[in-house]
Amino acid sequence: MMTIYDIAREAGVAASTVSRVVNGKPGVKEETRRRILALLEKYHYSPDVAARGLVKQSTRMVGILIEDIRVSHHIESAFVIEQELTKRGYCSIIMGAGAEEEKKLESIRLVEQRRVEGVALIGSMFSGEAVQRGIESYLSGIPVVLVNAYMELPNVSGVVIDEEKGVESCMELLHGRGRKRIAFVTDQETPSNRRKLEGYRRKCREYGLNPEPLIYRVGERSVEEGRRMTERLLTEHPETDGILYSIDLIAAGGVRAAVDKGYKLPEKLALMGIDNSIYGEMCNPKLSTLDNRRYDSSVIAAELLRLGMEEGIRSQRRLLPCRILERETT
DNA sequence: GGTCCGCTGCTTGTCAGTGC
DNA sequence: GCACTGACAAGCAGCGGACC
């Protein structure tokens with residue numbers, strides 16, 4: 001790789017003169033400038049980012065951690081944050097942190113070693129004790145933004161999606177359509193799912209319904225598990241007339257199961273997912289869903305991170321309301 | 001074996017020098 | 001005095017060699 005010294009040697013000038021040309025600074029004779037520009041072009045010169053970072057005391061690098069890079073709504077969120085920060089001249093490192101708390105801690109340590117200037121943690125799973133320890137130990141000097149989580153630390157901001165209220169409004173919609181036995185199918189135990197369940201339980205109590213027998217948990221996040229669990233639910237509780245799912249992915253399996261069992265949707269059974277993903281769009285009939293505004297929350301997260309890195313503005317909490325997107329299953 | 005020092009990598013900003 | 005150019009220090013982390 002050509003360095004500024006190689007170009008300078010060939011141009012017959014000092015490295016600092018080449019540096020002036022590279023950075024478009026004044027104080028270089030036009031003829032010298034043209035000669036250096038021709039060499040830069042000839043050798044496809046590109047400044048060494050690490051070396052530039054030494055002088056500027058800035059790497060323009062950010063870390064984006066996701067629990068599992070196979071989860072579509074998290075990777076979409078990472079994509080939006082990465083795109084927003086790229087527009088501002090930052091380069092992103094995207095890493096899968098793993099499900100275990102200690103692995104998350106290790107990922108935080110690894111990303112810190114890359115000398116990032118800010119970190120985004122995507123998903124409510126990044127709100128545990130080990131993550132907090134990791135932030136305090138390794139990231140205390142830089143801004144951190146949590147997407148769909150929050151932590152009371154001086155350098156941490158969070159964009160929290162109000163899924164608890166969102167689920168309550170789903171319940172209000174279903175109840176308003178005359179549904180009396182509404183079940184809830186959830187996936188893994190996460191802070192986000194706990195908030196959703198809280199909203200579900202509160203509305204059940206309000207409607208005089210015992211929620212616990214109607215809460216079903218799938219073993220893993222998959223369409224097949226959603227289908228299997230919905231079949232079981234409809235067999236054990238045939239009187240069920242509404243089902244709310246913690247994510248669209250398992251709701252898609254639920255739609256399949258209900259259609260296969262001959263349920264008329266939504267007349268006999270109303271179904272709703274959460275997260276407004278492509279799965280809901282692809283269902284037949286199309287799934288009504290709770291739009292948790294992934295794009296908006298990711299844009300806000302990117303902006304909070306940028307403000308933290310460039311203006312030192314830290315520790316903000318933004319609460320984002322959800323909205324219902326009605327399609328054909330309600 | 002432990003500690004200290006100097007060097008390497010590359011770029012940038014500043015100050016000093018040169019020539020007209 | 002001004003335009004232009006060169007020399008050099010600084011920034012950080014890691015490595016190797018010298019020394020105790």
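Beta bridges per DSSP, both residues in chain A: antiparallel share near 10 percent. Around A:Ala97, with a cut-off of 12 angstrom between Cβ atoms, what is the net charge of the other residues, counting Lys and Arg +1 and Asp and Glu -1? Result for the local shell: -3. Close amide H pairs (under 5 Å, H built 1.01 Å from N) link A:Ser157 with A:Val144, A:Val145, A:Leu146, A:Ser315, A:Gln316, residues at least 5 positions away or on another chain.
Share of carbon and sulfur in the accessible area of chain A stands at 50%, probe radius 1.4 Å. Counting alpha carbon pairs within less than 8 Å and at least 6 residues apart, what relative contact order, in whole percent, applies to the range A:4-47? Once divided by the residue count of the range A:4-47, the mean separation gives 37 percent. Across chain A, the convex hull enclosing all Cα atoms gives 156 Å³ per residue.
Just flag the trypsin sites (Lys or Arg not before Pro) in the range A:57-119 sitting in loop per DSSP whose Cβ has no more than 15 other Cβ atoms within 10 Å.
A:Arg70, A:Arg88, A:Arg114, A:Arg115
Please work out the average accessible area per residue across the range A:215-318, using the 1.4 Å probe convention, and give it in Å². If you can, show how the numbers build up before the last one.
Working: 4280 Å² over 104 residues.
So the range A:215-318 comes to 41 Å² accessible per residue, rounded to a whole number.
For the range A:91-227, averaging the sequence separation of C-alpha pairs within contact (under 8 Å, six or more residues apart) and dividing by the residue count gives a relative contact order of 18 percent. Calculated accessible area for the range A:54-130 comes out at 50 Å² per residue, all protein chains present (probe 1.4 Å; ligands, DNA, RNA ignored).
Using amide H atoms built 1.01 Å from N in the peptide plane, name the residues 5+ places from A:Tyr216, or on other chains, whose amide H lies under 5 Å from its own. When sequence neighbours closer than 5 places are left aside, the close amide H contacts are A:Phe184, A:Val185, A:Thr186.
The residues neighbouring A:Arg52, those whose beta-carbon lies less than 13 Å from its own, together hold a net charge of +2 under the Lys/Arg +1, Asp/Glu -1 convention. Among the GluC sites (Glu not before Pro) found in the range A:96-136, those both in a DSSP coil and sparsely packed, with 15 or fewer other Cβ atoms within 10 Å of their Cβ, are A:Glu100. Only Lys, Arg, Asp and Glu carry charge here, each on its Cβ (+1 for the first two, -1 for the last two); on that basis the range A:4-47 has a dipole of about 120 debye about its Cα centre. Using a cutoff of 8 angstrom between alpha carbon atoms and counting only pairs six or more residues apart, the relative contact order for the range A:163-291 works out to 25 percent. Averaging the Cα positions of each part gives two centres, and for the range A:223-273 and the range A:138-212 these lie 20 Å apart. Here the Gaussian network model covers chain A, with springs between Cα atoms less than 10 Å apart; of A:Ser16, A:Ser277, A:Ser288, A:Ser16 fluctuates the most.
All other residues whose Cβ lies under 12 angstrom from that of A:Ser77 are scored, Lys and Arg at +1 and Asp and Glu at -1, for a net of -4. By definition, a body whose alpha carbon gyration tensor gives a ≥ b ≥ c is rounded when a/c is under 1.5, and the range A:4-47 falls into this rounded group. In chain A, the DSSP-assigned H stretches of four residues or longer account for a calculated mean residue ellipticity at 222 nm of -14500 deg cm²/dmol, using -39500 (n - 2.57) per stretch and the full residue count as denominator. Springs between Cα atoms under 10 Å define the GNM used for chain A, and in it the highest mean-square fluctuation of A:Ala149, A:Ala252, A:Ala15 occurs at A:Ala15.
Note on the range A:1-154: semi-axes of the ellipsoid equivalent to its C-alpha gyration tensor, largest first and rounded to whole Å, are 42, 15, 13. Sparse packing (at most 10 other Cβ atoms within 10 Å of the Cβ) combined with a DSSP loop state is found for the following GluC sites (Glu not before Pro) in the range A:238-330: A:Glu239, A:Glu267. Annotation: amide H-H contacts under 5 Å for A:Ile247 (H modelled 1.01 Å from N, sequence separation of 5 or more, or interchain): A:Ile274. In the context of the full set of protein chains, residues of the range A:4-47 present 66 Å² of accessible surface per residue (probe radius 1.4 Å, heavy atoms only). Projecting label points 7 angstrom from Cα along Cα→Cβ for A:Lys264 and A:Ala14 puts them 8.8 nm apart.
In sequence order, the range A:310-327 has phi-based couplings of 9, 10, x, 7, 10, 6, 10, 10, 10, 9, 10, x, 8, 9, 7, 10, 7, 10 Hz under the Karplus curve 6.51 cos²θ - 1.76 cosθ + 1.60, θ = phi - 60°, and Gly or Pro positions carry x. How far is helix A:248-260 tilted, in degrees, relative to the longest principal axis of the Cα atoms in chain A, given as a value from 0 to 90 rounded to the nearest 10? That helix lies at roughly 30 degrees to the long axis.
Across the range A:163-291, the convex hull enclosing all Cα atoms gives 89 Å³ per residue.
Note on chain A: with a GNM built from Cα contacts shorter than 10 Å, the maximum mean-square fluctuation among A:Ile69, A:Ile247, A:Ile161 falls on A:Ile69.
The values are calculated or read from the model by the stated rules, or taken from the named source; none is laboratory data. Because the structure is a prediction, the values reported are computed rather than measured. Glycine gets a Cβ as well: all are built from the backbone with ideal geometry, and neighbour counts include every protein chain shown. Side chains are part of the model used for accessible areas, which takes the heavy atoms of the whole protein and leaves out ligands, DNA and RNA. Shrake-Rupley method; radii C 1.70, N 1.55, O 1.52, S 1.80 Å.
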